[in-house]
Amino acid sequence: MTDKQPPITITNIETKILFIRGQKVMLDSDLAELYGVEIRALNQAVKRNAERFPQDFMFQLTPEEHESLRSQFVTLKAGRGQHRKYAPYVFTEHGALMLGNVLKSERAVEVSIMVVRTFVHLRELVSSNNELSLKLDKLERKFAGHDRAISELINTLRQLMSPSVSDKKRPIGFAPWDKNETKQTNK
């Protein structure tokens, strides 16, 4: 790798976290860059310590996943032999932490700590988003009930305001009665 290593910040690490197979993972190439080692050296360290990396810590992408990833991000460099021959490995939070323990360098310790902090930060963001979503759903249901009640109230007010045709009221004041009407009603 080069002598110049990227700064270790939560934001820098967050941009390298991907969502694959329902898990938040990081590519071996991104971790190698952060740890300041070559991808080949990182993968050799993993192979030497294979018992420390079960399937829930690390897995290799399928050719389809790798092709999809390549189409999403420009991962090929110009020139012959500049691209990867094999599908990359991806590491979960636990795998990235274990990788820091396997590499045993000062930089690896710093990066491991920041990777864990980043994953924790992302979990907190997801949790707060879920809480916010639940509150919005609750408000939506509450206001939907209010909307129905307001709609019913408006309909009732409209009915009361519009005179109906069947309600014929007698005029106010004295009006002489028709004798024919009284005779018919008295029968």
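The values are calculated or read from the model by the stated rules, or taken from the named source; none is laboratory data. Treat the numbers as computed from the prediction; the structure is a model and nothing was measured. Ideal geometry is used to build each Cβ from the backbone, glycine not excepted, and the neighbour counts take in all protein chains shown.
Anything in the range 86-106 that is part of a loop (DSSP other than H, G, I, E, B) and either loosely packed, with under 15 Cβ neighbours inside 10 Å or in contact with a helix residue (DSSP H, G or I) (Cβ under 7 Å, 6 or more places away or on another chain) (or both)? List them, or say none.
Of everything in the range 86-106, those that are part of a loop (DSSP other than H, G, I, E, B) and either loosely packed, with under 15 Cβ neighbours inside 10 Å or in contact with a helix residue (DSSP H, G or I) (Cβ under 7 Å, 6 or more places away or on another chain) (or both) turn out to be TYR86, ALA87, PRO88, LYS104, SER105.
Specify which of the listed residues (VAL109, VAL126) is surrounded by 10 or more Cβ atoms within 10 Å (Cβ to Cβ), within 19 Å of LYS24 (Cα to Cα) and modelled with pLDDT under 85. Outline the logic, then answer.
Values: VAL109 fails: within 19 Å of LYS24 (Cα to Cα).
Selected residue: VAL126, the only one of VAL109, VAL126 that is surrounded by 10 or more Cβ atoms within 10 Å (Cβ to Cβ), within 19 Å of LYS24 (Cα to Cα) and modelled with pLDDT under 85.
Which numbered condition trips up ASN180, out of (1) assigned to a helix (DSSP H, G or I); (2) at pLDDT 75 or above?
(2)
When only residues in the range 58-85 that are at pLDDT 75 or above and in a helix (DSSP H, G or I) count, which is farthest from the chain's Cα centre (by Cα)?
PRO63
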